[in-house]
Every structure is written in C-alpha cells, then in structure tokens.
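Engineer: Next up is a structure, given as structure tokens.
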Amino acid sequence: MSAAPIALERRWMRARRLPGLRGQGGVIASVAFLVVVTLAAILAPEISPHNPSAADLSSLLSPPGTPGHLLGTDTAGRDILSRIIYGARISLLAPLVLVVISSTLGTAIGVCAGWMGGIADEVISRVMDFLFAFPGLLIAIIAVALFGTGVTAPIVGLIIAYTPYTARLARGLVAQERNLPYVESYRQQGFSGPRIALTMLLPNIAPTLLAQSALSFGYGLIDLATLSFLGFGVQPPTADWGVMVSDAQQGILQGDIWVALFPGLAIMLTVISFNVLGDAIAERIGRTEAA
Amino acid sequence: MLRFCARRLGGSLVTLLISSFLIFGSLYLVPGDPAVYLAHGRVTAPQLAALRREYGLGQPFFERYVHWLFGLVHGNLGESLQYHEPAARLIGSRLAVTGTLVAYAAVLIILGGLALGLLGALRRGTLVDRGVLLFSSAATAAPAFLTVVLLLAIFSVDLHWFPALGAGQGFGDRLWHLTLPAVGLALSAVGLITRVSRTAFLDSLRREHVEVARSRGLSERSVIRRHVVRNSLGPVATMTGLVVATLVVSTTVVESAFGINGIGSLLDSSVQTLDYPVIQAISLLVVVVFLVCNTAVDLLYPFIDPRVASWRSRAA
Amino acid sequence: MRVRDRFRSDAASAIPGGDVADALRIEGLSVRLTRGDAQRPILDGVDLVVHAGETVGLVGESGSGKSVTSRAALGMFPAGAEVRGRVIVGGVDVVGARRSALARVRGGEAAMIFQDPRAGINPVRRVGDFLGERMRRRGIGRAERRTRCRALLDSVGISDPDTTLRLYPHQMSGGMLQRVMIAAALSAEPGLLLADEPTTALDVTIQAEIIGLLMERRAHSGAAMLFVTHDLELAAAVCDRIYVMYAGRIVECRPSGSLFADPRHPYSVALLRATPRLESEVPVVPVPGRPLSLAEAPVGCAFAPRCPHAVDECLEAPPALVGVGDGAAACIRCNDEDPRR
C-alpha cells in the first residue's frame with residue numbers, strides 16, 4: 001500500500017485540467033481555425049480580394065492596413081492576404097497527400113510486420129530502422145536533386161521518410177493487440193488472420209494512428225514549406241506560404257517584417273491546430289508515440 | 001561492457017554500410033542516363049564517354065559499389081562537379097563552422113529545454129506553466145526558416161544587436177556571429193525538449209524517493225537537484241541524440257539565410273548545381289553523425305540510469 | 001504470541017496525557033483537502049501521545065488516515081491540505097512551523113522508515129549516497145561520512161559494508177534495502193522513529209527478521225517509536241500501547257496486552273476476530289462492508305453502519321473518547337455489560 005499522501009496527491013493533481021491549449025476551448029478553436037482555412041482554400045477564387053499574381057506597382061511593400069490591402073503587399077506589389085488564401089491550396093494539399101499516402105503505407109507495412117511476426121517482422125523492422133538514420137529533409141533534398149524541383153519530388157521523398165514512423169507505431173500496436181484475448185477467441189471461431197486484422201484490429205488501433213497522422217501533418221507542412229523556402233519545392237511565382245517567406249527576405253532588409261510574418265503565422269497556426277487535435281485524440285485514448 | 005561496445009559498434013557499421021549502399025544506389029534512380037545527369041547535359045559525346053569511364057558506369061553495379069566503398073575508406077568521398085575539388089576537402093574546410101553552429105545549438109537546446117521544463121514542472125498549473133506550454137507549442141510549430149528570417153529582421157536589421165552575415169573570426173567573434181543562427185536552429189527542438197523534460201520532471205516529482213528525501217530534512221533545492229533532475233535525464237538524453245542529426249540538415253536553411261559558408265550552404269548550392277557527388281558525401285556525413293550521436297547516448301545511458309545493464313541494448 | 005513480551009520497554013502511562021519529555025504529542029489534529037470548492041476531510045480531532053522511549057502502535061486499515069497521521073509528525077501533509085491542531089515533536093509544533101524549525105525536526109528529531117524501500121531510495125544513485133545524504137547536508141566530510149556509513153551498515157547486520165555502499169538499489173534485495181532504510185533513519189540519532197508499515201512490502205520470511213532488527217536497534221538507541229500497521233497482532237507483539245484508527249479518528253487507545261485480551265470498541269473487536277490465527281480453531285469472522293474513509297463516513301460514529309451493536313444515538317454525533325479499562329475508547333456503549341464474544 002503506498003502511503004496515503006502520495007495517492008491523494010496524485011488524485012489531487014489529476015483533478016487539475018491543464019489549462020489553455022489543452023482544454024476544451026483549445027480543441028474547439030483549433031477545429032474552427034482549420035475549418036476556416038480549409039474553406040478559404042477551397043473557395044479561394046470567391047473570397048480572395050485580389051488576384052494573387054496581380055502586381056500593384058503603385059504600392060510596393062505597403063504596410064498592413066493600406067486601403068485595399070488588409071495585410072499589405074509584398075516586394076512585387078502583390079496583395080498578401082490574397083496570396084495567403086490562394087497559398088492555402090497548395091500549402092495544405094501537399095501535406096495532405098503526404099500524410100494520407102505515408103500513413104496508409106505505414107499502416108499496411110506495420111500491420112503486416114506486427115501480425116506476422118517472426119522473420120518477416122525482423123526484416124521489415126530492420127529496413128525501417130535504416131530509414132530512421134536519414135532525416136526527412138535530407139531524403140526530400142536528395143529526391144529533389146534526382147527528380148527536379150516542384151511539389152512531387154519533395155512529397156515522394158517525405159513519404160519515404162515518414163512511412164517508417166507510422167509503420168513502427170502500427171507494428172507496435174498490432175503486436176500488442178495480437179496477444180489480447182479477443183483476437184484469440186476470433187481465431188478459434190475460425191476467422192482468418194487477415195480478416196481479423198482488418199475488421200477487428202484496425203478499428204482498435206485507428207485512433208492512435210489518427211492522432212499520429214495529425215501530428216505528421218504538422219511536420220509535413222513544415223518540411224514542405226522549408227523546401228519551398230529553399231527553392232526546391234513549389235516554385236515562385238506560385239503562391240505558397242513557404243515561398244512567400246522566401247520572397248520576404250528582400251523586404252526584411254528594408255525592415256518590413258509583416259511580409260514574412262503573415263505567411264509564417266499561417267503556417268504556425270495550422271501546425272499548432274493539428275498538434276492540439278492530435279494531442280486531444282491521443283489523450284482520449286491514452287497513448288501516443290512521442291514523435 | 002566491452003562486448004556491449006563491440007556489438008553496438010558492429011550494429012552501427014552495418015547500418016552505415018547499408019546506408020552507404022542506399023546513398024550510392026540512389027544515383028541510379030535518376031530518370032534517364034546517370035552520366036547525362038552528372039554532366040548536366042552540357043557536354044559532347046567524348047566528354048560523356050570520359051565521364052562514364054571516370055564513374056565506372058560501364059561496369060557491373062556491384063563492382064562499382066565496392067570500388068566506391070574502397071574509395072570511401074581511403075578518404076575519397078568523390079569529386080565535386082561544381083568546384084572540381086575533392087568533396088572531402090570541401091566538407092573538411094567547412095566542418096569547423098557548421099560543427100560549432102550545431103554544438104552551440106545543441107547546448108542551447110539542452111540547457112533551454114531543461115530549464116523551461118523544470119520551470120513548468122515546478123510551477124505546474126500556474127500561469128508560468130501555461131506560458132511554458134504555450135511557448136513549447138509555438139516553438140515546435142515554428143519552422144526554422146521562419147524563425148531565422150524573423151530573428152534577422154528583429155535583432156539584426158532592426159536592433160543591430162547581432163551581425164547579419166558571416167561566421168566571424170576568432171572564438172568570441174564567432175560565437176557572437178553564430179548566436180542568431182544557433183537560436184534559429186535550436187528553437188524548434190527547444191520546444192520539443194521542454195515538453196519531454198517537463199513530463200520527465202513531473203514524473204520524477206511524484207516518486208516516493210523525493211518524499212523520503214524531503215522527510216530527511218534536505219533543502220528543497222537539494223531535493224530537486226539530486227532526486228528530480230538527476231532522475232529525469234534519460235528521456236532528455238535520448239531525444240537530444242535523435243535531434244542532432246536533424247540539426248545538421250537544418251543548417252541548410254540557416255546558413256543560407258545568414259551567409260555562412262558551412263556544410264549546410266554547401267548542400268544548398270550542391271542541389272542547385274546538381275553536384276551529386278557532394279550531395280552523396282554530405283548524406284554520408286549526416287548518417288555518420290546520427291550513428292555517432294545515438295551510439296554515444298547508448299554508451300552514456302548506463303551512467304545516467306544504472307538500472308539499464310550496460311550489456312543490454314536499450315529498446316529503440 | 002511468544003514474541004509479545006520480548007521487546008516492551010518499561011514506560012508507563014496508559015491514558016494519553018501531557019508529559020514533559022514526550023517524543024510526540026498530537027493534539028486535536030484535523031486535516032482536510034481542498035480541491036477548488038470541494039473539501040475532503042481526512043483526519044478529525046486526532047489525539048496521540050508517544051512518551052520518551054515508548055513504542056506506540058497505530059493500527060488501522062486503508063483509508064483510516066494512519067499514514068497521514070504518521071507523516072504529520074514530520075510536518076509532511078498532502079498537497080493542498082488544511083491543517084488544524086498541534087503536532088509537537090521535540091518541543092517544536094510542526095504545524096505551520098518555519099522552514100528552519102521543520103528542517104531541524106526532519107534532520108534530527110524524528111526520522112521515518114518508509115514502507116517500500118525500493119520506491120523510497122533513489123534508483124539512480126548508490127546506496128552509500130543515500131545513506132550519507134543527511135550527513136552531507138550537515139557538512140561532514142567524505143572520509144568521515146564513509147566511516148559512519150560503514151558503522152551504520154554494520155549495526156543493521158549488513159556483512160560487507162564497503163561493497164554495499166557502492167551498490168545500486170536494484171542490485172540489492174528488499175530485505176537488505178529495508179535494513180539500509182533503518183540505518184538511514186538511525187543515522188540522525190532521532191528521539192522519535194516513525195515506522196510506516198516497514199515490513200508490508202517484504203517477503204513474509206524476512207518480515208520477522210526485519211522487525212527483530214528494528215526493535216533491537218530502537219531499544220539500543222533509546223528512541224521512541226510510532227509503529228504504523230494494519231496488522232493488529234503484529235502491533236500487539238511489538239508495542240507497549242496501541243491506538244486504533246478508523247475513518248480518520250482514534251477509536252481506541254489501550255496498552256497492547258489489554259487491547260488484545262479485551263478490546264472494547266466494536267471495530268477493534270471486529271479487527272481481532274477477522275484476523276486468521278494459526279493456533280486457534282476459532283473461525284475467521286469477516287467484517288461486513290468495507291472500511292470507510294472520513295470523507296465517506298456518515299454523521300456520528302463512522303463505524304455505526306457496520307457495527308452489530310449500533311443504536312440510533314450512535315448516528316447523532318461522533319462519540320468522544322471515554323475511559324474504559326486501562327485506556328479509552330470512542331464508543332457510547334463500550335462500558336456496557338453485554339457479552340460480546
């Protein structure tokens with residue numbers, strides 16, 4: 001029996017909800033933000049005040065609040081708000097594609113490895129282990145070097161980099177679940193292995209994988225924006241948040257921060273929203289992999 | 001103990017070998033003729049043939065690989081297509097600067113992460129803790145390139161506290177020049193380590209041996225130092241080890257923004273000029289850094305937590 | 001039963017009362033936890049005395065508040081606790097005491113032996129580190145610490161002190177670690193030892209050994225001891241006087257011999273009857289219901305819902321301690337003549 005004060009203290013501590021971002025309000029705010037951003041991306045042509053490529057030569061690098069340009073203009077005279085709205089399209093679509101493919105692939109590989117165990121598991125795990133030695137950004141850079149700039153190569157590279165993380169998580173979960181009594185009882189009833197894995201196991205591990213995917217979206221967004229910033233991903237003059245920050249570097253030297261700040265804020269708020277969502281899902285089910 | 005070292009080393013070498021195979025083979029994933037790729041198309045037929053001979057592209061794959069490996073062991077990391085210099089020399093000359101930058105960032109990450117994590121844990125639930133968590137969320141969500149651009153704008157261009165360009169000469173000057181880049185490089189990881197260490201500290205604070213120490217009349221400061229911090233170092237060490245290799249790649253962003261002539265900017269220019277041999281060499285370097293860091297953490301771990309028997313490897 | 005008479009000291013005083021040289025005096029101790037608006041009572045008006053050199057038992061089940069009471073002697077209360085009453089150790093009232101006064105009590109007047117030595121000793125530091133921590137704080141040099149630690153380990157029956165000092169906790173058995181814990185408590189040369197279920201976490205085969213060691217060392221040092229346990233029989237074997245706790249209150253206080261032979265509070269009776277005993281053929285009678293904590297207790301006597309002798313009056317107010325035999329019990333019917341066995 002552990003001493004009463006410690007047990008009490010634990011209970012007392014648990015009663016305190018962690019305030020702020022982790023509270024209910026944080027989740028609602030995050031979901032709201034993501035909905036807004038997604039809608040903005042989809043409805044860009046309708047709601048954008050200007051054409052994102054239209055250069056207003058009379059007001060280069062004008063500050064936020066200039067009439068007609070709520071968030072100001074960049075060094076080429078383009079409206080920042082419009083570019084952010086249009087930029088949401090590629091800036092959100094690319095990570096989405098990345099996460100959907102890498103999560104699906106990773107889950108498939110991980111479930112196979114975890115379910116089959118033995119040699120297959122060993123081999124697959126070893127292969128995944130090697131990929132861990134390469135930072136995602138590096139693989140993406142190599143992909144760009146081989147296949148050229150644009151959005152495809154980085155996505156392919158990052159898929160290769162992200163899949164092992166999901167695979168490792170899925171494998172661990174399946175290996176654990178496999179030993180639980182309900183799986184054994186299904187087996188005895190005559191259900192085939194793959195059937196059990198797909199219809200019974202998957203739904204049980206799906207929430208954890210979902211939480212991980214939410215976090216991965218954030219990482220993916222950052223990595224892809226980084227590549228665009230470096231000039232390896234989305235190319236200017238396409239509106240993309242990473243490209244916008246890169247373009248802003250000129251303006252920085254003239255002392256104007258907002259050109260970089262607004263797209264940067266868009267990135268950060270999106271990533272934070274996904275992190276909050278991911279954490280909320282993880283807390284719900286009580287376990288996640290420390291990314 | 002010795003057997004453990006040998007096993008770890010052996011494992012690392014295998015990983016290195018296979019990684020090198022992947023790096024070597026990646027060239028052949030190029031759509032089209034690797035020779036044309038390496039030559040960037042601006043050559044004549046005889047030059048192409050010469051290139052093919054030089055890279056042994058006529059030989060069977062495995063032979064090429066072994067040949068390349070052989071060269072590696074002798075310090076030949078290939079020749080830069082851009083500079084026409086050995087890649088090893090290019091990297092070597094830049095190692096000091098980037099090394100200092102990464103080390104600087106690592107120190108900031110460890111110290112900053114531990115300090116903030118401890119602050120949050122000791123003041124759990126208060127406004128200070130909320131601030132710490134908010135900071136760590138924002139920091140992990142801030143891409144390095146954004147941090148760097150904003151730091152430049154505020155502290156360099158605006159306030160003139162730090163220089164905007166270059167890596168400086170001499171120890172003190174170099175540190176001054178590398179401060180903003182190091183912060184830019186480190187910020188995201190500081191957020192991560194803050195979170196990890198805070199969790200570890202909270203866990204340690206709940207342990208009974210902390211209560212026992214207090215009951216024996218030790219000052220709160222002693223208790224925290226000897227029984228809380230000391231017990232929480234494990235997860236922090238592991239995380240930091242994993243993060244360092246990523247730092248090296250992130251220098252690509254930081255160095256180009258600050259005009260530092262290091263390995264990161266070399267990688268950047270190599271991609272732009274499609275200088276593949278250099279890209280391969282740097283990739284190898286990154287893998288080596290990753291393996292060295294993780295092996296170091298594994299070897300140090302029994303000192304951090306004696307319960308981990310030194311002849312058993314930690315679960316990955 | 002044979003063990004009973006071995007280690008009693010000669011200190012007298014059956015009824016709790018003021019005495020100048022008391023090692024521990026708890027007066028009207030009430031503790032409650034505040035969580036936001038809610039309040040959760042833990043202890044209600046606990047009075048307890050341990051005279052110098054005495055061994056006093058504190059017996060109760062989980063939720064009775066016995067651990068909170070014992071920790072109160074060191075001024076250690078649960079986080080967020082509100083405390084009323086006095087807890088006087090070596091002349092110092094630790095309730096609301098200044099940090100320096102508390103440090104004096106914890107550093108030398110009183111020392112606790114915790115239940116689980118594996119949890120209580122820092123796993124990443126050497127045993128020698130643990131043992132010498134208190135000395136280090138007092139500024140004693142390394143060589144001197146070494147010598148003293150060696151002597152301490154020797155006194156608790158550890159045969160190879162030098163090697164042991166360099167070991168880590170996970171390399172030692174539970175029994176050995178508890179010996180270290182006892183040595184650590186004694187290193188402060190305290191006037192009051194607090195033993196919180198010191199053998200519950202150990203294998204049955206070494207429990208007797210450790211108890212024996214504890215009693216021997218205590219007698220040697222002359223310290224008083226508050227022995228907290230859920231095992232009434234163990235308490236009777238080891239202590240001079242016993243306090244029985246239920247739902248945050250003291251319900252009986254008697255010399256151990258009399259308590260064992262003739263318990264007067266229905267809960268004490270029930271506790272004894274529920275303990276399986278090897279020698280006797282008497283069937284074990286479990287107590288209906290489960291032990292309550294103070295927060296769950298009804299108005300009036302907390303044991304009333306489970307008590308076979310309860311009457312309506314029992315639920316009006318918590319019974320005060322009344323003299324009975326050579327001690328006291330908190331029951332309005334304890335002096336009644338009805339046969340109970």
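Engineer: Which condition number in (1) more than 8 Å from chain B (Cβ to nearest Cβ); (2) in contact with a Gly (Cβ under 8 Å, 6 or more places away or on another chain); (3) surrounded by fewer than 24 Cβ atoms within 10 Å (Cβ to Cβ) is the one that residue A:259 fails?
Structural biologist: (3)
Engineer: For the range A:34-59, which positions are over 15 Å from residue A:96 (Cβ atoms), of a type in the set (Val, Ile, Thr) and touching a residue at least 24 places away in the same chain (Cβ under 8 Å)?
Structural biologist: Result: A:47, single match.
Engineer: Give just the number: which of (1) surrounded by fewer than 14 Cβ atoms within 10 Å (Cβ to Cβ); (2) over 30 Å from residue B:295 (Cα atoms) does residue B:96 not satisfy?
Structural biologist: It fails just one condition, (2).
Engineer: Could you list, in sequence order, all residues of the range A:214-256 that are β-branched (Val, Ile, Thr) and either more than 7 Å from chain B (Cβ to nearest Cβ) or buried (at least 24 other Cβ atoms within 10 Å of the Cβ) (or both)?
Structural biologist: Within the range A:214-256, A:222, A:226, A:234, A:238, A:243, A:245 meet the criteria.
Engineer: In the same structural domain as residue C:199 (by TED's automatic domain parsing) and buried (at least 16 other Cβ atoms within 10 Å of the Cβ), is that true of residue C:234?
Structural biologist: Yes, satisfied.
Engineer: Hey, another quick one. Could you tell me whether the range A:104-122 includes any residue that is under 29 Å from residue B:143 (Cα atoms) and among the hydroxyl-bearing types (Ser, Thr, Tyr)?
Structural biologist: Yes; the residues of the range A:104-122 include at least one that is under 29 Å from residue B:143 (Cα atoms) and among the hydroxyl-bearing types (Ser, Thr, Tyr).
Engineer: Is it the case that some residue within the range A:100-109 is under 27 Å from residue A:235 (Cβ atoms) and out of contact with any helix residue (DSSP H, G or I) (no Cβ under 6 Å at 6 or more places or on another chain)?
Structural biologist: yes
Engineer: Going through B:65, B:28, B:55 one at a time, which residue ends up being touching a helix residue (DSSP H, G or I) at 6+ places or on another chain (Cβ under 9 Å), modelled with pLDDT of 80 or more and more than 11 Å from every other protein chain (Cβ to nearest Cβ)?
Structural biologist: Just a single option satisfies the conditions, and that option is B:65.
Engineer: Could you say whether any residue in the range B:204-225 is on the phi > 0 side of the Ramachandran plot and surrounded by fewer than 22 Cβ atoms within 10 Å (Cβ to Cβ)?
Structural biologist: No, the range B:204-225 contains no residue that is on the phi > 0 side of the Ramachandran plot and surrounded by fewer than 22 Cβ atoms within 10 Å (Cβ to Cβ).
Engineer: With the structure loaded, tell me whether residue C:120 is among the small types (Gly, Ala, Ser) and touching a residue at least 40 places away in the same chain (Cβ under 8 Å) or whether it fails that test.
Structural biologist: yes
Engineer: To continue, here is another question. Go through B:153, B:121, B:167 for me and flag whichever is assigned to a helix (DSSP H, G or I) and either closer than 28 Å to residue A:225 by Cα or free of Cβ contacts under 8 Å to residues at least 24 places away in the same chain (or both).
Structural biologist: None of the other options fit; the residue is B:153.
Engineer: I'm trying to understand the selection: among the residues of the range B:272-298, which are within 9 Å of chain A (Cβ to nearest Cβ) and either surrounded by fewer than 21 Cβ atoms within 10 Å (Cβ to Cβ) or within 15 Å of residue B:20 (Cα to Cα) (or both)?
Structural biologist: B:272, B:274, B:276, B:279, B:280, B:282, B:283, B:286, B:287, B:290, B:291, listed by residue number.
Engineer: Please work out which one of (1) at pLDDT below 90; (2) buried (at least 20 other Cβ atoms within 10 Å of the Cβ); (3) under 19 Å from the mean Cα position of the chain (by Cα) is the condition residue C:81 fails and give its number.
Structural biologist: (3)
Engineer: May I ask you to verify whether residue C:301 is outside any strand (DSSP E or B), among the hydrophobic types (A, V, I, L, M, F, W, C) and either closer than 24 Å to residue C:46 by Cβ or outside the structural domain of residue C:157 (by TED's automatic domain parsing) (or both)?
Structural biologist: It is true that residue C:301 is outside any strand (DSSP E or B), among the hydrophobic types (A, V, I, L, M, F, W, C) and either closer than 24 Å to residue C:46 by Cβ or outside the structural domain of residue C:157 (by TED's automatic domain parsing) (or both).
Engineer: What is the residue count in the range B:203-249 for residues that are of a type in the set (A, V, I, L, M) and within 13 Å of chain C (Cβ to nearest Cβ)?
Structural biologist: Residues that pass the stated criteria total 11.
Engineer: When the range A:144-155 is examined, which residues are found to be more than 9 Å from every other protein chain (Cβ to nearest Cβ) and assigned to a helix (DSSP H, G or I)?
Structural biologist: A:152, A:153, A:154, A:155, listed by residue number.
Engineer: Right, next: Select, from B:265, B:250, B:269, B:283, the only residue that is over 17 Å from the mean Cα position of the chain (by Cα) and of a type in the set (S, T, N, Q).
Structural biologist: Exactly one of B:265, B:250, B:269, B:283 is over 17 Å from the mean Cα position of the chain (by Cα) and of a type in the set (S, T, N, Q), namely B:269.
Engineer: Among the candidates B:95, B:48, B:111, B:81, which residue alone is assigned to a helix (DSSP H, G or I) and touching a residue at least 24 places away in the same chain (Cβ under 8 Å)?
Structural biologist: Of B:95, B:48, B:111, B:81, the one residue that is assigned to a helix (DSSP H, G or I) and touching a residue at least 24 places away in the same chain (Cβ under 8 Å) is B:95.
Engineer: May I pose another question? Could you identify the single residue in C:125, C:150, C:137, C:118 that is more than 14 Å from chain B (Cβ to nearest Cβ), surrounded by fewer than 22 Cβ atoms within 10 Å (Cβ to Cβ) and not hydroxyl-bearing (Ser, Thr, Tyr)?
Structural biologist: Result: C:150 is the single residue among C:125, C:150, C:137, C:118 that is more than 14 Å from chain B (Cβ to nearest Cβ), surrounded by fewer than 22 Cβ atoms within 10 Å (Cβ to Cβ) and not hydroxyl-bearing (Ser, Thr, Tyr).
Engineer: Next up: Going through C:102, C:74, C:48 one at a time, which residue ends up being of a type outside the set (Lys, Arg) and farther than 15 Å from residue C:25 by Cα?
Structural biologist: None of the others qualify; the one that does is C:102.
Engineer: Among the helices (runs of 4 or more DSSP H) contained in the range A:192-258, which hold 3 or more residues that are of a type in the set (Lys, Arg)?
Structural biologist: none
Engineer: Regarding residue A:127, is this residue in a helix (DSSP H, G or I), in contact (Cβ under 8 Å) with a residue 40 or more places away in the chain and surrounded by fewer than 24 Cβ atoms within 10 Å (Cβ to Cβ)?
Structural biologist: So residue A:127 fails the test.
Engineer: Continuing with the same structure: Hey, among the residues in the range C:84-108 that are surrounded by 23 or more Cβ atoms within 10 Å (Cβ to Cβ) and closer than 26 Å to residue C:211 by Cα, which one's farthest from the other protein chains (Cβ to nearest Cβ)?
Structural biologist: Only one residue fits best here, namely C:89.
Engineer: From the list B:268, B:173, B:203, pick out the single residue that is at pLDDT below 90 and either in a helix (DSSP H, G or I) or among the hydroxyl-bearing types (Ser, Thr, Tyr) (or both).
Structural biologist: Just a single option satisfies the conditions, and that option is B:173.
Engineer: Tell me, yes or no, whether the range B:209-228 has at least one residue that is part of a helix (DSSP H, G or I), acidic (Asp, Glu), within 13 Å of residue C:121 (Cβ to Cβ) and free of Cβ contacts under 8 Å to residues at least 40 places away in the same chain.
Structural biologist: There is at least one residue in the range B:209-228 that is part of a helix (DSSP H, G or I), acidic (Asp, Glu), within 13 Å of residue C:121 (Cβ to Cβ) and free of Cβ contacts under 8 Å to residues at least 40 places away in the same chain.
Engineer: Failed condition for residue B:21, given (1) closer than 18 Å to residue B:69 by Cα; (2) away from every other protein chain (no Cβ under 13 Å), with all others met?
Structural biologist: Tallying (1) closer than 18 Å to residue B:69 by Cα; (2) away from every other protein chain (no Cβ under 13 Å), residue B:21 fails exactly one: (2).
The values are calculated or read from the model by the stated rules, or taken from the named source; none is laboratory data. A quick note: this is a predicted structure, and the numbers were derived from the prediction, not measured. Note that each Cβ is placed from the backbone with ideal geometry, even for glycine, and that neighbours are counted across all protein chains shown.
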